[in-house]
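Undergrad: Before we start, here is the structure in question, set down as structure tokens.
The values are calculated or read from the model by the stated rules, or taken from the named source; none is laboratory data. The shown structure was predicted, so the numbers you read here are calculated from the model rather than taken from an experiment. Quick reminder, even Gly has a Cβ in these numbers, built from the backbone with ideal geometry, and neighbours come from all protein chains shown. Remember, those area values only see protein heavy atoms, side chains included, never the ligands or the DNA or RNA. Shrake-Rupley method; radii C 1.70, N 1.55, O 1.52, S 1.80 Å.
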Amino acid sequence: MMKPGAMYILLLLNWLRMTEIIDPIEARVSRLGNYLIRAHKYNKASILFALYLSEYVRADVEKEIRQLLDEQGLEALSVDAGEYKDLPSFFSSRSADQTVFFVHNLEKGFPEALRYLNFKREEIIDHRVKAVFWVTDEELTRIGNEAPDFFAFRNRVVEFIEMPLAEERKPDLVEFALETEYRSLDEIKHSIELKETLLLELSEADEISGYLLNSLGILFFQLSSYKKAIEYHEQALVIAKEMGDRRVVGTSLGNLGSAYSSLGQVEKAIEYYKQALAISQELGDKRLEGAALGNLGLAYRNLGQVEKAIEYHEQALAISQEFGDRRGEGISLGSLGNAYSHLGQVEKAMEYYEQALVIAKEIGDRHNEGIWLGNIGLAYSDQGQVEKAIEYYKQALAISQEIGDKQVEGTALGNLGLAYRNLGQVEKAIEYYEQALVIAREIGDRQEEGNRLVNLGNAYSHLGQVDKAIEYYEKALDIGKEIKDPRIINFYEKNLKSIKS
């Protein structure tokens, strides 16, 4: 039999649906924002409940309310009830005068959060707390049943029970699904969480599902979770083929190539890149063609075919300059720098790196800014200016740690190890190599794992610990054979043969 409290909540929800839902969503956003602004103006508490079904709609509505609050000089602060179960104490520990709290994940804080809210409800009023509690039907029912005194203090319950595929919201949804540029690790993780939730909310595989899958693949790639990226790109490729969307097919193929390349499977990556290139030329899509050409350049450079790589990068550079693609232009310039560095033309490489660095700073591309700083450091190291190289490596390391870019962080640590070894500080070099090795294993980058093992073998060889050096070389050689990279196999076999003899 249904409890009286639960019956009351259901009646309340039915009444709300008959009153609130007839208003446009913009009107409800404005109403919720105005409640909070008036509470601030008259120095009063405001307890509001926002009922929702879709995480995407919740995030979108909250973004709009935050903009309204920001115009009034109010700060919006998100609170995870699963992390801060004693919400009244959390509210009182912050300056509530200029702050509006957005509380989410209430279910994760149950039942402790309910007891704190009910028993300390007076504290919320005394401190004039202004808070929006994002709740589902089930969460609101439990609050009414288990924290009835707190619930009685509410000012309003406003519904946002639309699902995200309403036609008028589709453009915003598509824009969100395609978005992959974020400035911090927290932003990337938050976007992943929201997009994965939204993907579950969509009832069937369609255009937006494909966009979300590709976007998630790119975000996991940015986190250096290459295997996870491959899973999402493969799903996106299936949907794109079913829908006959050749452009998304080409994009997905290119993304898969990049993920396999990062895992050291370069020949497999080239297969995907060539398929993407063929589709881009078939469609006359110059941007997609430029990306495929650049990726092929990177892949052939990794196979040691540097002259061929330069041809591809020059074609990619011409396309990006033709269309004003500054990010693509910067990547092509930096890639040409890498190619000329491999040919031993260090000064020419430096020129390309510096041009690429200027563009990365200009457009706020922190990921590539870290890469080009590290590469300039390598160029200085090649010129014998090791201490100057260390300065650039440390700048690259700082940026990578700031934005959570594990791949660049691992590279910077490895470069610092090489630099300190060149200065004769072998123990310090080993510390950096070991940190870089941990990251390579963490992100599943087998090629970099092999490189770090060789670095450690070289360091221990330098210290005269030959048996330990051989152990590291043999592990590296196993990885080279596993990922079937002939350039790496030859290099590792040469090192191992040298130290054994």
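Undergrad: If I take R0 = 45 Å and measure r between the Cβ atoms of GLU179 and LYS348 in this structure, what FRET efficiency does the formula 1/(1 + (r/R0)^6) give, to the nearest 0.05? Each step should come with its number before you reach the end.
TA: Working: r = 37 Å, r/R0 = 0.81.
Once rounded, the FRET efficiency stands at 0.80.
Undergrad: Rounded, prolate or oblate: which one fits the range 184-241, using the alpha carbon gyration tensor with axes a ≥ b ≥ c (rounded when a/c is under 1.5, else prolate when a/b beats b/c, else oblate)?
TA: Oblate is the answer for the range 184-241, as a/c is 1.5 or above yet b/c matches or exceeds a/b.
Undergrad: Positive end of the charge dipole of the chain (Lys, Arg +1 and Asp, Glu -1 on Cβ, about the Cα centre): tell me which of LEU288, THR136, TRP372 has its Cα farthest that way.
TA: Farthest towards the positive end: TRP372.
Undergrad: On a 0 to 90° scale, report how tilted helix 185-201 is relative to the longest principal axis of the chain, with both axes built from alpha carbons and the result rounded to the nearest 10.
TA: 60
Undergrad: Explain nothing, just the number: relative contact order of the range 5-164, from Cα pairs under 8 Å at least 6 residues apart, as a whole percent.
TA: 38
Undergrad: If you don't mind, there's one more thing I want to ask. For the range 263-273, just list the computed ³J(HN,Hα) in residue order, Karplus coefficients 6.51, -1.76 and 1.60, θ = phi - 60°, integers in Hz, with x standing in for Gly and Pro.
TA: Computed from phi, the couplings for the range 263-273 are 8, x, 8, 5, 5, 5, 4, 4, 4, 5, 4 Hz.
Undergrad: Oh, and also: Can you give me the Cα centroid spacing of the range 331-380 and the range 53-121 in angstrom?
TA: Value for the Cα centre distance between the two parts: 44 Å.
Undergrad: Pairs LYS108/LYS195; LYS394/LYS428; LYS308/LYS494; LYS227/LYS286; LYS394/LYS481; LYS44/LYS120: which are spaced more than 23 Å apart, C-alpha to C-alpha?
TA: LYS308/LYS494; LYS227/LYS286; LYS394/LYS481
Undergrad: What FRET efficiency comes out for GLU471 versus ARG287 if R0 is 56 angstrom and r is the Cβ-Cβ distance? Round to the nearest 0.05.
TA: After rounding to 0.05, the efficiency reads 0.75.
Undergrad: Another question, if that's okay. Could you work out how much longer the chain between GLU207 and GLU442 gets when fully extended? Use 0.36 nm per residue separation minus the Cα distance between them, nm to one decimal.
TA: Separation in residues times 0.36 nm, less the Cα-Cα distance, equals 81.3 nm.
Undergrad: How much of the accessible area of the range 179-284, in percent, comes from carbon and sulfur atoms when a 1.4 Å probe is used?
TA: That fraction is 48 percent.
Undergrad: Using only Cα atoms and rounding to the nearest 10 degrees, what angle (0 to 90) does helix 286-302 make with the longest principal axis of the chain?
TA: Compared with the principal axis, the helix lies near 50 degrees.
Undergrad: Report, to two decimal places, the Cα Rg of the range 445-501 normalised by 2.2 N^0.38 Å (N = number of residues). Intermediate values should be presented prior to the final figure.
TA: Values: Rg = 10.3 Å, N = 57, 2.2 N^0.38 = 10.2 Å.
Working it through for the range 445-501, the quotient is 1.01.
Undergrad: Determine one quarter of the surface area of the Cα convex hull of the range 179-284, which equals its mean projected area, and express it in nm² to one decimal.
TA: The orientation-averaged projected area of the Cα hull of the range 179-284 comes to 6.6 nm².
Undergrad: For the chain, calculate the relative contact order in percent as a whole number, restricting contacts to Cα pairs under 8 Å that are 6 or more residues apart.
TA: RCO, the chain: 9 percent.
Undergrad: So, one more: So if I average 1/r over every pair of distinct C-alpha atoms in the chain and take the inverse, what Kirkwood radius in Å does that give?
TA: About 26.0 Å for the chain.
Undergrad: Between GLU391 and LYS274, what is the spin-label point distance in nm, taking each point 7 Å from the Cα along the Cα→C-beta axis?
TA: It is 4.6 nm.
Undergrad: Quick one: angle between helix 406-422 and the longest Cα principal axis of the chain, in degrees between 0 and 90, rounded to 10, please.
TA: The angle comes out near 40 degrees.
Undergrad: Also, I was wondering about something else. Please work out whether the range 330-413 counts as rounded, prolate or oblate from its C-alpha gyration tensor, where a ≥ b ≥ c are the square roots of the eigenvalues and a/c under 1.5 means rounded, while otherwise a/b larger than b/c means prolate and anything else oblate?
TA: Values: a/c = 1.93, a/b = 1.23, b/c = 1.57.
It is oblate, given that a/c is not under 1.5 and a/b is not larger than b/c.
Undergrad: Measure off 7 Å from each Cα along the Cα-to-Cβ vector at MET243 and HIS462, then give the distance between these two points in nanometres to one decimal.
TA: Computed distance between label sites MET243 and HIS462 equals 5.3 nm.
Undergrad: Separate question: Using the heavy atoms of the protein chains and a 1.4 angstrom probe, tell me the accessible area per residue for the range 169-321 in square angstrom.
TA: 45
Undergrad: Given Cα pairs under 8 Å that are at least 6 residues apart, what percent is the relative contact order of the range 406-501?
TA: Result for the range 406-501 is 21 percent.
Undergrad: Would you mind checking which residues have amide H under 5 Å from SER46's amide H? H placed 1.01 Å from N; only 5 or more apart, or other chain.
TA: Under 5 Å from the amide H of SER46 lie the amide H atoms of VAL129, LYS130, ALA131, each far enough along the sequence or on another chain.
Undergrad: How many Å² of accessible area per residue for the range 29-159, probe 1.4 Å?
TA: Values: 5760 Å² over 131 residues.
Solvent-accessible surface per residue comes out at 44 Å².
Undergrad: Pop out the ³J(HN,Hα) list for the range 126-139 in order, Karplus 6.51 cos²θ - 1.76 cosθ + 1.60 with θ = phi - 60°, rounded to Hz; leave Gly and Pro as x.
TA: Calculated HN-Hα couplings, in order: 4, 8, 6, 6, 10, 9, 10, 9, 7, 9, 8, 3, 5, 5 Hz.
Undergrad: Roughly how many debye, to the nearest 20, is the charge dipole of the range 269-408 about its Cα centre, given +1 on each Lys and Arg Cβ, -1 on each Asp and Glu Cβ, and no other charges?
TA: On the way: 13 positive and 21 negative charges, 50 e Å.
Computed about the Cα centre, the dipole is about 240 debye.
Undergrad: Also: Full-extension gain between GLU64 and GLU231, please, as 0.36 nm times their residue separation minus the C-alpha to C-alpha distance. List each step's numbers first, then the result.
TA: Working: separation 167, 0.36 × 167 = 60.12 nm, distance 3.31 nm.
Going from the current span to full extension adds 56.8 nm.
Undergrad: To the nearest 20 Debye, how big is the dipole of the chain about its Cα centre, given +1 on the beta carbon of each Lys and Arg and -1 on that of each Asp and Glu?
TA: Once rounded to the nearest 20, the dipole reads 740 debye.
Undergrad: Given 0.36 nm per residue, what is the gain on full extension from ALA152 to ASP382 after removing their alpha carbon distance, in nm?
TA: The span from ALA152 to ASP382 would gain 75.7 nm if fully extended.
Undergrad: Looking only at the range 5-164, where both bridge partners belong to it, what percent of the DSSP beta bridges are antiparallel (to the nearest 5)?
TA: In the range 5-164, approximately 0 percent of DSSP beta bridges are antiparallel ones.
Undergrad: Applying the Karplus parametrisation 6.51 cos²θ - 1.76 cosθ + 1.60 with θ = phi - 60° to the phi angles of the range 32-39, what ³J(HN,Hα) value in whole Hz is obtained for each residue in order, glycine and proline being reported as x?
TA: Once rounded to whole Hz, the list reads 4, x, 5, 4, 5, 5, 5, 4.
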